[in-house]
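The values are calculated or read from the model by the stated rules, or taken from the named source; none is laboratory data. Predicted model only: the values in this text are computed from it and were never measured. Every residue, glycine among them, receives a Cβ derived from its backbone with ideal geometry; neighbour counts consider all protein chains shown.
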Amino acid sequence: VSTAPSPVPEAPPDYAPAVPDMDAGPARSHLFYQSRHRRPLLDRAKGVHMWDVAGKRYLDGSSGAMVSNIGHSDPVVLEAMRAQMEKSTFGYRLHFENAPAEHLARLVAELSPEGMDRVFFVSGGSEAVESCLKLARQYALAIGEATRFKVISRYPSYHGATLGALALTGYTTMTAPFAPMMHEMPKIPAPTCYLDRDGLTMEERGRRYADMLEAEILRQGPETVLAFIMEPVGGASTGALVAPDSYYPRIREICDYYGVLLIHDEVMTGAGRTGRFLASEHWDLKPDLMALSKGFAAGYAPLGAMVASDKMVEAVMEHGGFIHGYTYAGNPLACAAGLAVLRETVRRDLPGNAAHIGDLLKARLEGLKERFAFIGDVRGKGLLLAVELVADRDTMDPLPPENMAAARLVDLAYDRGLIIYWRRTRGGYVGDHVMVCPPLILTEPEIEEIMGPLEESLAVLERELGFAGGG
Ligand code: PMP
């Protein structure tokens, strides 16, 4: 009888997990997002265009979710990423610092308002907002104001999907299921002045909305209020809402008076989208804290940042340091991508192009009002533009929610090779709008690639909605 150990049997052929033939197209996808709604597989993208695997070409008229500011597959950014990849793609920040992060932080500080020169890297917009909340709170503790913890935000608004940022988000569809799991934060109405029928001038309305912040601070008790957060120009939640000029300085004044920190969520507006590097530059504003992401690395890497003043950061450092951080913070590859994106943004004056092309595009969108009675408003700054659809332009009455008009318009445009972005906000204010926010590199002739499919789609929607039909 042999005592030799029997050989380890070979794994049967079906032992190894089967590698699916992706080219055949999976019969059932294991991936999931928000809903069952599926889109074609992306093949490649270049500049303002994208192609699916069937070869259909799309114009990226929303820069994804207002992300791809410098367009797709930019050769300078790709080269910078390739060069960084050859060196290192990860070094944990407690073991190594890295040059791309250091250089990017310096550039961000240079592009930020005077005195805002400390930068904390994260992987996206929600994380940037969470970081602002935590630094604000730790700063209050450091200066002996421990009673301050409430963060006032606006309704509607969007500040992120993680529970801290979600508590600031004014968008009930997204927040309602999680309400018991969050600390409820006070909200004031977003300055939807264009909807008001009160005989006031826009500037008077702007001031009235800003004064609501003071009323809310007093209602909550100023000693409990830590910060106020807003998107200087609204994102998808309000459809590129711009407040009257009177709003902004009054908000700053109120925050200063009550010792409330002002947080600008520039996740969507930053990095040139509104025609200046930061939206706050339009009003010469200086927040206390700022959140950046999206166009910041323009989709080349998941990256975001919090920008803060030296004074706040040093106060927190003196009291034991910032109790916060993410594994991927300051990732060298992401920072190399962000650095190349921002350098190109500055070198090619993409904010300037956004301002110029944005004006031309906005005028063309305005022109659609003549033909389509259900376009209620066209608004925004630079290439952060939105078109609002209504039942009646005079009253600004919304379309019936069951029509899902904005979503339908997005689908009609998608079929015609134009990507735009929609949102229907419920509660407080109800409206249908689509965001028209192409990459900041868009050229004048490319405006036609937006207008053609958009007009065709609006004409179909007009018939579907049963409007008599304009010109
Ligand atoms: N703030 C604003 C203003 C945003 O537009 C977004 C994203 N739409 C976020 C925060 C959250 O960013 P992210 O999805 O990258 O977490």
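Worth a mention:
Yes/no matrix, rows are residues, columns are (1) over 24 Å from Val122 (Cβ atoms); (2) within 14 Å of the ligand (Cβ to nearest atom); (3) out of contact with any strand residue (DSSP E or B) (no Cβ under 9 Å at 6 or more places or on another chain):
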site: Arg154; (1), (2), (3): no, yes, no
site: Leu163; (1), (2), (3): no, yes, yes
site: Leu168; (1), (2), (3): no, yes, no
site: Thr175; (1), (2), (3): no, yes, yes
site: Pro186; (1), (2), (3): yes, no, no
site: Ala190; (1), (2), (3): yes, yes, no
site: Tyr194; (1), (2), (3): yes, no, no
site: Leu200; (1), (2), (3): yes, no, yes
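- Matching entry among Val67, Val48, Val77 (being under 25 Å from Leu278 (Cα atoms), within 16 Å of the ligand (Cβ to nearest atom) and either modelled with pLDDT of 95 or more or buried (at least 17 other Cβ atoms within 10 Å of the Cβ) (or both)): Val67
- Residues within segment 296-314 that are assigned to a helix (DSSP H, G or I) and surrounded by 17 or more Cβ atoms within 10 Å (Cβ to Cβ), tallied: 3
- Residues (charged (D, E, K, R), surrounded by fewer than 21 Cβ atoms within 10 Å (Cβ to Cβ) and within 18 Å of Pro189 (Cβ to Cβ)) located in segment 216-274: Glu216, Arg219, Arg250
- Among residues of segment 215-244, those that are within 16 Å of the ligand (Cβ to nearest atom), of a type in the set (A, V, I, L, M, F, W, C) and in contact with a strand residue (DSSP E or B) (Cβ under 8 Å, 6 or more places away or on another chain), counted: 9
- Flag: Tyr421 matches the condition of being under 18 Å from Met451 (Cβ atoms), modelled with pLDDT under 95, among the aromatic types (Phe, Trp, Tyr) and not assigned by TED's automatic domain parsing to the domain that holds Leu292.
- Residues (in a loop (DSSP other than H, G, I, E, B) and within 27 Å of Ala161 (Cβ to Cβ)) located in segment 234-244: Gly234, Gly235, Ala236, Ser237, Thr238, Gly239, Ala240, Leu241, Ala243
- Residues satisfying the stated conditions in segment 51-64, i.e. surrounded by 13 or more Cβ atoms within 10 Å (Cβ to Cβ) and among the aliphatic types (A, V, I, L, M): Leu59
- Of the residues making up segment 335-347, those that are of a type in the set (A, V, I, L, M) and in contact with a strand residue (DSSP E or B) (Cβ under 8 Å, 6 or more places away or on another chain) number 0.
- Meets criteria (in contact (Cβ under 8 Å) with a residue 12 or more places away in the chain, touching a Cys at 6+ places or on another chain (Cβ under 9 Å) and either in a strand (DSSP E or B) or more than 12 Å from the ligand (Cβ to nearest atom) (or both)) for Ala291: yes
- Restricting segment 337-359 to residues that are acidic (Asp, Glu) and assigned to a helix (DSSP H, G or I), the residue that is surrounded by the fewest Cβ atoms within 10 Å (Cβ to Cβ) is Asp359.
- Selection from segment 316-336 of residues that are assigned to a helix (DSSP H, G or I) and surrounded by 17 or more Cβ atoms within 10 Å (Cβ to Cβ): Val316, Pro332, Leu333, Ala334, Cys335, Ala336
- Segment 351-392, residues that are of a type in the set (Lys, Arg) and in contact (Cβ under 8 Å) with a residue 60 or more places away in the chain: Arg364, Arg371, Arg379, Lys381
- Top-ranked residue in segment 245-283 [being assigned to a helix (DSSP H, G or I) and of a type in the set (Ser, Thr, Tyr); ranked as farthest from the ligand (Cβ to nearest atom)]: Tyr257
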